[in-house]
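Undergrad: Take this structure, written in structure tokens, and hold onto it; I'll ask about it next.
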Amino acid sequence: MPTYNKLVRDKIPQIIKDSGEQPITKILGEEDYIKYLKEKSYEELDEYCSAETNEEAVEELADLLEIMHALAKHNGSSIQEVEAVRKEKATKRGGFQEKIFLIEVKE
């Protein structure tokens, strides 16, 4: 029996049951939830970085976005508020569209 010890999407236990297997789960407290949500964000970012096709990359970006929704909610915010902050920062400091790589700053 594989051991995972990781945060999974809400419907995964039912999907496992539907496949004829029995998942062993627990509901996390808030502190552990955030700890494992952060760990999950690294897992999904690694999977994005390892993606070999645009389709795989978009799939992993969707997972990262789902995590961002959960983290925003935990921080008393919403993804819409996060997006508003992103837009404000992009207006003031720019985005990453021009692919600028800073080598050094001479005084």
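Laboratory data are not the source of any read-out in this text; all were calculated from the coordinates shown. These figures come from a predicted structure and were not determined experimentally. Because the Cβ atoms are built from the backbone with ideal geometry, glycine has one as well, and the counts that use them run over all protein chains shown.
Undergrad: Quick one: which of 41, 78 is under 12 Å from residue 7 (Cβ atoms) and among the polar types (S, T, N, Q)?
TA: Details: 78 fails: under 12 Å from residue 7 (Cβ atoms).
The match here is 41.
Undergrad: One residue is enough: does the range 39-50 have a residue meeting the conditions in contact (Cβ under 8 Å) with a residue 24 or more places away in the chain, under 13 Å from the mean Cα position of the chain (by Cα) and over 22 Å from residue 83 (Cβ atoms)?
TA: We begin by selecting, within the range 39-50, every residue in contact (Cβ under 8 Å) with a residue 24 or more places away in the chain; these are 39-41, 43.
Still in the list and also under 13 Å from the mean Cα position of the chain (by Cα): 39-41, 43.
Right, trim to over 22 Å from residue 83 (Cβ atoms) and you get 39, 43.
Yes - at least one qualifying residue is present in the range 39-50.
Undergrad: Restricting the search to the range 82-107, which residues are surrounded by 10 or more Cβ atoms within 10 Å (Cβ to Cβ) and of a type in the set (A, V, I, L, M)? Don't jump to the end; show me each part of the working.
TA: Of the range 82-107, the ones surrounded by 10 or more Cβ atoms within 10 Å (Cβ to Cβ) are 82-90, 94-95.
82, 84, 85, 90 - these are the residues of the range 82-107 that are surrounded by 10 or more Cβ atoms within 10 Å (Cβ to Cβ) and of a type in the set (A, V, I, L, M).
Undergrad: Let me ask something else about it. Being over 12 Å from the mean Cα position of the chain (by Cα) and either at positive phi or surrounded by 12 or more Cβ atoms within 10 Å (Cβ to Cβ) (or both) is the filter here; which residues of the range 66-81 pass it? Before you say what the answer is, go through the steps one by one.
TA: From the range 66-81, those over 12 Å from the mean Cα position of the chain (by Cα) are 73-81; that's our starting set.
The answer is 74, 76, 77, 78, 79, 81.
Undergrad: Something else now. Are any residues in the range 9-29 without any contact (Cβ under 8 Å) to a residue 12 or more places away in the chain and under 19 Å from residue 70 (Cα atoms), and if so, which ones? Give the derivation first.
TA: Step one: of the range 9-29, the residues without any contact (Cβ under 8 Å) to a residue 12 or more places away in the chain are 10-12, 14-24, 26-27, 29.
Correct list: 10, 11, 12, 26, 27, 29.
Undergrad: Are there any helices (runs of 4 or more DSSP H) wholly within the range 4-107 with 1 or more residues that are touching a helix residue (DSSP H, G or I) at 6+ places or on another chain (Cβ under 9 Å), and if so which?
TA: Numbers: elements: 12-18, 30-50, 54-74, 79-93.
By residue number, 30-50, 54-74, 79-93.
Undergrad: Would you mention how many residues in the range 32-43 are among the hydroxyl-bearing types (Ser, Thr, Tyr) and either farther than 13 Å from residue 67 by Cβ or loosely packed, with under 14 Cβ neighbours inside 10 Å (or both)? I'd like the intermediate steps shown before the answer.
TA: The initial filter retains those residues of the range 32-43 that are among the hydroxyl-bearing types (Ser, Thr, Tyr), namely 33, 36, 41-42.
Subsequent filtering for residues that are either farther than 13 Å from residue 67 by Cβ or loosely packed, with under 14 Cβ neighbours inside 10 Å (or both) retains 42.
Looking only at that region, the number is 1.
Undergrad: What tally of residues in the range 44-63 results from selecting those that are under 16 Å from residue 6 (Cβ atoms) and surrounded by fewer than 15 Cβ atoms within 10 Å (Cβ to Cβ)? Reasoning before the result, please.
TA: Initial filter on the range 44-63 (under 16 Å from residue 6 (Cβ atoms)): 44-47, 60, 63.
Okay, now just the ones that are also surrounded by fewer than 15 Cβ atoms within 10 Å (Cβ to Cβ), so 46.
Residues meeting the conditions: 1.
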